Amino acid sequence: MIWIDVATPKYAMFFIGMIKSLEKRGYQVLVTTRYAPNYTEAKQILEIHNIPHIVLGEYGGATLLEKFEARIFRQKEILDLFRTRGVPKVLICGAVVDSVQVAYGIGIPVVNIYDTPAFTRAGDDSCPKELTAVARLTLPFSSLFFYPFIFPKELMLRFALDENQIESYPFIDVALWINAIKKDSKNDFRIRYGLDISKPTILVREEEYKAHYVKEQIPTIYEVIPLLKQGLDANIVIMPRYEKELLMRDFGTYATILEEKLKPEEFYPFLDLFIGGGGTMNLEAVCYGIPTISTRSIWLIHDQYLISNHLMFWSQDAKEIITIAKKMIGKRVDSKSYFVRGECNFNHIIERIEKEFLC
């Protein structure tokens, strides 16, 4: 039995293809995830794609104390599951602290596939020095660690791993699902929400302000929304991160608040501009060729990569964002060669895992 732990929406999208590939090869796959009333997306994505899964624990909340308490509770639930289902042969995950530390503690080999190991600084192209908390708590326990080609090997070796334990893959994660999108007007979310399809459409996404690495909830993206309405004749759409009720209260009179989880093919082909406070959706939008403005309060390696290659703009000045938005809206971004440098699939990763742990 192979255990795949899916803790975030991004890794739900990432592992769907791997789960299906492993099952085609005849492996039994145990998929676990977490769920909370205001943290539903990972589970929703698995449900949309008909991936059987077990919910263990929930998102820990905004404080470190709440996160640590949730981690302890979830680890106990994982152990209880193994008592009834048996112990897996290997864990594969996106550096999930709960599952990695359980696996390491009871002798299950850990395979981490992860793309957020360190913070970077604006305009600094040197190897990042500041490691993320999740990376510190997970990557050193890896039996194998796979990472996107844009990361320097020097950074990976800082986690006290040997060179034979680390391996890059020749694509940025989001290309796995974004490059498969085919535009089909039958999927157009604008029609479902009654939007004027003759107007350009702008999608706004909040920052993941409850994440451990975000120090404060930056107001920029909320300041931008009314200015967009004033300055552009466009559909303004907001994709909530947590509490959609607050967004309905503040912006519902002139912006459309998405009420359910949409598949990428239902909205990306119909966007003319994306303004995002997070990481994965910024990458997805750029990968699909949508002009993208980031308001993120932190920079990770992906942010630096996109900005330094002029694929994405970054600003935390609401008026500047409006000026940029007026210039960029509707202008496609040629980004494909920056996202894929070889085979964009799981074949080699699965073969390496088979050779190491499943033969």
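The values are calculated or read from the model by the stated rules, or taken from the named source; none is laboratory data. Because the structure is predicted, anything quoted here is derived from the model rather than measured. When we count neighbours, we look across all protein chains shown, and the Cβ atoms used for this are built from the backbone with ideal geometry, even at glycine. All accessible areas refer to the heavy atoms of the entire protein, side chains included, with ligands and DNA or RNA removed. Shrake-Rupley method; radii C 1.70, N 1.55, O 1.52, S 1.80 Å.
Which condition breaks for Trp314 when tested against (1) closer than 30 Å to Ile2 by Cα; (2) not assigned by the TED database to the domain that holds Val111? Among (1) closer than 30 Å to Ile2 by Cα; (2) not assigned by the TED database to the domain that holds Val111, Trp314 violates only (1). Where helices (runs of 4 or more DSSP H) sit wholly within region 186-280, those with at least 2 residues that are among the charged types (D, E, K, R) and more than 19 Å from the chain's Cα centre (by Cα) occupy 189-192, 220-231, 244-251.
Of Gly279, Gly252, all but one fail to be open to solvent by 10 Å² or more (accessible area, probe 1.4 Å), closer than 30 Å to Ser126 by Cα and modelled with pLDDT under 95; the exception is Gly279.
Glu243 falls short on exactly one of the conditions (1) touching a residue at least 60 places away in the same chain (Cβ under 8 Å); (2) under 21 Å from Thr40 (Cα atoms); (3) surrounded by 14 or more Cβ atoms within 10 Å (Cβ to Cβ), and that condition is (3). In region 146-164, the residues that are in contact (Cβ under 8 Å) with a residue 12 or more places away in the chain reach residues that are open to solvent by 90 Å² or more (accessible area, probe 1.4 Å) and in a loop (DSSP other than H, G, I, E, B) with C-beta atoms within less than 6 angstrom, at least six apart or across chains, in these pairs: Phe149/Arg341. Of all residues being exposed (fewer than 11 other Cβ atoms within 10 Å of the Cβ) and either small (Gly, Ala, Ser) or touching an Asp or Glu at 6+ places or on another chain (Cβ under 7 Å) (or both) in region 185-200, which is nearest to Phe270 (Cα to Cα)? Just the residue, please. Among residues in region 185-200 that are exposed (fewer than 11 other Cβ atoms within 10 Å of the Cβ) and either small (Gly, Ala, Ser) or touching an Asp or Glu at 6+ places or on another chain (Cβ under 7 Å) (or both), the one nearest to Phe270 (Cα to Cα) is Ser185. Contact map, region 172-197: residues that are among the acidic types (Asp, Glu) paired with residues that are surrounded by 18 or more Cβ atoms within 10 Å (Cβ to Cβ) and part of a loop (DSSP other than H, G, I, E, B), Cβ distance under 8 Å, separation 6+ or inter-chain. Pairs shown: Asp173/Asp115. Within region 119-174, the residues that satisfy the criterion of being among the aliphatic types (A, V, I, L, M), in contact with an Asp or Glu (Cβ under 8 Å, 6 or more places away or on another chain) and assigned to a loop (DSSP other than H, G, I, E, B) are Ile172, Val174.
Filter region 308-337 for residues that are under 21 Å from Tyr147 (Cβ atoms) and in contact (Cβ under 8 Å) with a residue 60 or more places away in the chain; which is most open to solvent (accessible area, probe 1.4 Å)? Spell out the reasoning first.
Step one: of region 308-337, the residues under 21 Å from Tyr147 (Cβ atoms) are 308-309, 311-312, 335-337.
Next, only the ones that are in contact (Cβ under 8 Å) with a residue 60 or more places away in the chain stay: 308, 336.
Values: Ser308: 59, Lys336: 129 Å².
Of everything passing the filter in region 308-337, Lys336 is most open to solvent (accessible area, probe 1.4 Å).
Scanning region 1-55 for residues being among the hydrophobic types (A, V, I, L, M, F, W, C) and more than 21 Å from Val111 (Cα to Cα) gives a total of 3. Just one of the numbered conditions (1) crowded, with 21+ Cβ neighbours inside 10 Å; (2) under 23 Å from Phe171 (Cβ atoms) is not true of Pro264: (1). Looking only at residues in region 255-269 that are closer than 20 Å to Met13 by Cα and either in contact with a strand residue (DSSP E or B) (Cβ under 7 Å, 6 or more places away or on another chain) or in the same structural domain as Tyr39 (by the TED database) (or both), the one that is modelled with the lowest pLDDT is Leu258. Examine region 294-301 for a residue that is within 28 Å of Ile150 (Cβ to Cβ), touching a Lys or Arg at 6+ places or on another chain (Cβ under 6 Å) and either not aromatic (Phe, Trp, Tyr) or not in a helix (DSSP H, G or I) (or both), and state whether such a residue exists. For region 294-301, residues within 28 Å of Ile150 (Cβ to Cβ), touching a Lys or Arg at 6+ places or on another chain (Cβ under 6 Å) and either not aromatic (Phe, Trp, Tyr) or not in a helix (DSSP H, G or I) (or both): absent.
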